[in-house]
Amino acid sequence: MLAPSMVAGKGPRFASGKTRLSRVGVLLQALLLAAPLAGLAAWIARGGFARTHTPGPPPSGESVPSPAGPLTGLPPPLADLPAARLEERVDGAAEYLRREGCRRLLAWRFEDPPADLEVLVFDGPEGARAVLARDAGPERTAGPGEEAAVSEQSILFRRGPVYARLFADPSTVIRSGSLEPVGERVDRALRSLAETRP
Amino acid sequence: MRARAERRLVLKRLAQAGVALGTTGILAALGVLSPGRWRGAKKPVPIRDHAAEPAGSGARALAVARGADPARAVRAAVDAVGGIGRFVRPGETVLLKPNMAWDRTPEQGANTHPAVVACVAALCREARAGRVIVADVPVHDAARTAERSGIRDAALAAGAEVLYPPRVGFTVAALGGSVLDHWEILSLVLEADRVINLPVVKDHALSGLTCGLKNWYGLLGGTRARLHQDIHLSIADLGAAVRPTLTVADATRVMVRGGPTGGRLEDVVIMNAVAAGTDPVAIDAWGATLLHMDPSDVPYLVLAEGRGLGSIRAGTQRLEEIHVGA
C-alpha cells in the first residue's frame, strides 16, 4: 500500500522536477560558497602563513641566500644557516660547532680563483678560537684577521667571534699568492660582522 | 513558503559545509592530515641481512693492501678476503655505498677516492652483477658533489649507475636500535641483493673518526640533527641494522684533521692503503689506528663490539699487509 503523500505526489520527499532543479541550484550555491573557504583552509593547513615568514630550503638542500647585510664587498652567500640548520652544510660537525657556540654559518663559492669559503659566527671569540685551533693546530702565520694559518691552498683566520676558512680548489692550478687577496677581501667584509653584537 | 524552505536548505548546506571545513581545520591543526604523518605511520620495513656467507679456508677476515695505484690495492685486498665471486653472484643487484657527501675534490680526502669506487664497480661487473648502483645522500649539493668528487664519472665509466636524491627515494625501515627505532633509509638498501660499504677513513669532529659504521649515516633521509646528539649510540644502532656484504675502506688519502668536511691539503696524509673485510668493527678499528687512536677509546666501536657486530682486536692485531708496488 502506498503512502498518501506518494499517491498525492506532494511533499518534500517526492519533489517534482522543478523542485529538484532548485535543489541542484542550492547545492551549487553551497559549493560555490564553500570552494574558496575550502581553498583558504587548505592553504592555511599546508602552512601558508608559516611559509610567508620562514622560507624552507630549496630541493638542493642549500639554504636560500639571504641578504648579505653587513658583508659589504662579498656576493650573496650560497648558504646562510642558523645554528639549528648547520647540518645542511657540515652534517656531523654541526653538534660540535653548536657546543662551541656557533650561531650562524655562511658559505660562498668563488670562481677566480676557484675557492670555497665558510664563515662561522660564534657567541664569542672563545668558540672561534677553539675551532680554529682544532682545524689548524697551534701554529699561526701572518695573514688576515687577528690570528691566521695560511698556506698556498688555504687560509684559516679568526676575527673576534668570527672564524673563516677559505680553500682553493686543489684540482685547479692557482697562481702562487692568488688566494691572499681573497682572504684580505673577506677579512674586510667580516670586520663589520665581527663587531655585530650577538 | 517555498522561498522559506529553500532558504532553510541553503542555510542547512552552509552549515554542513561549515562543519566539514571546521572538522578539516581541526584535523589539520592536529597534524592528522599532514602527509608526513601517514608516511611515518606506515609499518617500518625490516632490512635484510646482507652479510656474506662465512669464508672458506685460506680467505682472511680482513686484508690490507698498500700501493700507489688504488685499483691494484683494491683488487689485492678483495682477492685476499676470498675474491669478488664470494660476495657477488651473476644477475644480482649490488649497491655500492661510498662517502660521496662533500663538495670536495679527491685530493681533499673528504669523499671515497673515485678510483676505489670505480675498481669495486668493475669487480662487480666482472662477477656479472645484474646492476651495480653507486648511491649516497650527499650533504652538499648532490649533483655538484657527485661530479666534483670524481665519483660520478669514474663509476659511470666502470659500468655502474650513480644515484642520489631526489632521483632515489626513501622507505621507513625498522632499525630496532636504542636511539634509532625506525628511520627513512634509501630504498635501494631494501631492494639490493648485496650492499658493499665503501667508506673513506678520516677524522670526525664529533665521533673521533668516520669509517664504515658512520658511513651508514649517508643512507638516511630526514633530519639528521637528532642523530648527532647521541652519535655513538646512533652509529652502533645503524651498524646493527645494516650488515654489509663486504666493506672496502679507502685510506689512500686520510684526512687526519678538520673532519668531516676538511678542505686543507695539509690535513691529508697520503697512506696508499685499502682494507677489505667482512667484519665492520675490525675495519673501523683498523681505521682508528691510522688516526693514531686507540679503538678501545672510541665509544661506538666498544658499543658495536658489545652487540656482537665484530671484533676490535681483529682490526688491531698485527696484520700482514699486501704490497702491490708503485
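The values are calculated or read from the model by the stated rules, or taken from the named source; none is laboratory data. Keep in mind the model is a prediction, meaning the values are calculated, not measured. A quick note on method: Cβ atoms are made from the backbone with ideal geometry, for glycine too, and the neighbour counts reach across all protein chains shown. For accessibility, only protein heavy atoms count, side chains too; no ligands or nucleic acids. Shrake-Rupley method; radii C 1.70, N 1.55, O 1.52, S 1.80 Å.
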Checklist entry - Sorted by packing (mean other beta-carbon atoms within 10 Å per residue), highest first, where do A:172-181, B:193-202, B:285-294 land? => result B:193-202, B:285-294, A:172-181
Next on the checklist: Which order do the peptides B:149-158, B:268-277 come out in when sorted by mean C-beta neighbours inside 10 angstrom, highest first?
Outcome noted: B:268-277, B:149-158
Next on the checklist: Explain nothing, just compute: Karplus ³J(HN,Hα) = 6.51 cos²θ - 1.76 cosθ + 1.60, θ = phi - 60°, for every residue of the stretch B:106-114 in order, whole Hz, x for Gly and Pro.
Outcome noted: x, 4, 7, x, 7, 10, 4, 4, x
Item to check | Interchain or long-range residues, amide H under 5 Å from B:Gly221's placed H | outcome: B:Glu184, B:Ile185, B:Leu186
Item to check | Nonlocal amide H pairs with A:Ala79, under 5 Å, H built at 1.01 Å | outcome: A:Ala107
Checklist entry - Could you give the length gained on full extension between B:Glu107 and B:Leu190, defined as 0.36 nm per residue of separation minus the Cα-Cα distance, in nm? => result 26.6 nm
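With a 1.4 Å probe, what is the total accessible area buried between chains B and A, in Å² rounded to the nearest 100? Display every interim value, and only then the final one.
Details: alone 14570 and 12330 Å², together 23520 Å².
Chains B and A together bury approximately 3400 Å².
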Checklist outcome for this item: Within 10 Å of the Cβ of an average residue in B:137-143, the count of other chain Cβ atoms is 5
Checklist outcome for this item: So the angle from the long Cα axis of helix B:231-241 to the longest Cα principal axis of chain B, reported in degrees to the nearest 10, equals 90
Item to check | Charge dipole magnitude, Cβ of K and R +1, D and E -1 - chain B, Cα centre, debye nearest 20 | outcome: 1960
Checklist outcome for this item: Here the whole-number average of other chain Cβ atoms within 10 Å per Cβ of B:4-16 is 4
Checklist entry - Solvent-accessible area per residue for chain B at a 1.4 Å probe radius, Å²? => result 40
Checklist outcome for this item: 1/(1 + (r/R0)^6) with r = Cβ-Cβ of A:Ala38 and B:Leu163, R0 = 35 Å, i.e. FRET efficiency to nearest 0.05, evaluates to 0.35
Next on the checklist: I need the trypsin sites (Lys or Arg not before Pro) found in the stretch B:88-139, filtered to DSSP loop residues with at most 13 other beta carbons within 10 Å of theirs.
Outcome noted: B:Arg128
Next on the checklist: Please report the spacing between the Cα centers of the stretch B:131-197 and the stretch B:259-301 in Å, no decimals.
Outcome noted: 22
Checklist entry - Per residue of B:214-224, how many C-beta atoms from partner chains lie within 10 Å of its own C-beta, taken as a mean? => result 1
Next on the checklist: I'd like the antiparallel share, as a percent to the nearest 5, of DSSP beta bridges with both residues in chain B.
Outcome noted: 50
Checklist entry - Charges only on Cβ, +1 for Lys and Arg, -1 for Asp and Glu: so what's the dipole of the stretch B:82-201 about the Cα centre, in debye to the nearest 20? => result 320
Checklist entry - So what's the angle, to the nearest 10 degrees on a 0 to 90 scale, between helix B:70-80 and the longest Cα principal axis of chain B? => result 80
Item to check | Computed helical MRE - 222 nm, chain B, DSSP H runs ≥ 4 contributing -39500 (n - 2.57), nearest 500 | outcome: -10500 deg cm²/dmol
Item to check | Distant-in-sequence amide H partners of B:Lys202 (H built 1.01 Å from N, under 5 Å) | outcome: B:Thr210
